[in-house]
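Only one structure is covered here, and it is reproduced in the block below.
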Amino acid sequence: LAGCGGLLRDSDGRWLTGYSRKIGTCDALGAEMWGMYLGMQLAWRQGFHHLQVESDSKTLVDMITGNVKINGKPPTLVRRIQELLELNWQVMETRPNGI
C-alpha cells in the first residue's frame, strides 16, 4: 500500500499548504507520479502560478521532460502532468532533490 504527499512553500521557504493521499497499491515511481500530479493540481487550484517543482525521482523528472525514451505511450499520470505543464503558469524548474 502506498501514499503520497507534498507541500507548497513561498519563495522564502515558508510553508503555505500541504497535502497527502492514500493511493492504494503501486510502486515507488507510481507514488512519485501521484505526488507530483496532485501537488501541481493543488497549486493551480489555489492560484500559485509561479512554481518550482522538486522530486526525488530522477526517472519521473526525465519522463516528464522527455529526457528518456518511453516505449509506447507514456503512463497516464505522466501525460496528465505534462498537460498541467501546458497551463498558463511559469514552471521555473523541475528537478530531482539532491541531484
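Taking each residue as 0.36 nm, the span from R21 to D56 lengthens on full extension beyond its C-alpha to C-alpha distance by 10.8 nm.
Which value in Å does the Kirkwood hydrodynamic radius of the range 2-86 take, with 1/r averaged over all unlike C-alpha pairs and then inverted? Write down the numbers at each step before the final one.
Numbers: mean 1/r = 0.0739 Å⁻¹.
After inverting the pairwise mean of 1/r, the radius is 13.5 Å.
With contacts defined as alpha carbon pairs under 8 Å and 6 or more residues apart, what's the relative contact order of the chain in percent? Value for the chain: 28 percent.
No lab work stands behind these numbers, since they all come straight from the coordinates. Everything quoted here is computed from the prediction, not taken from an experiment.
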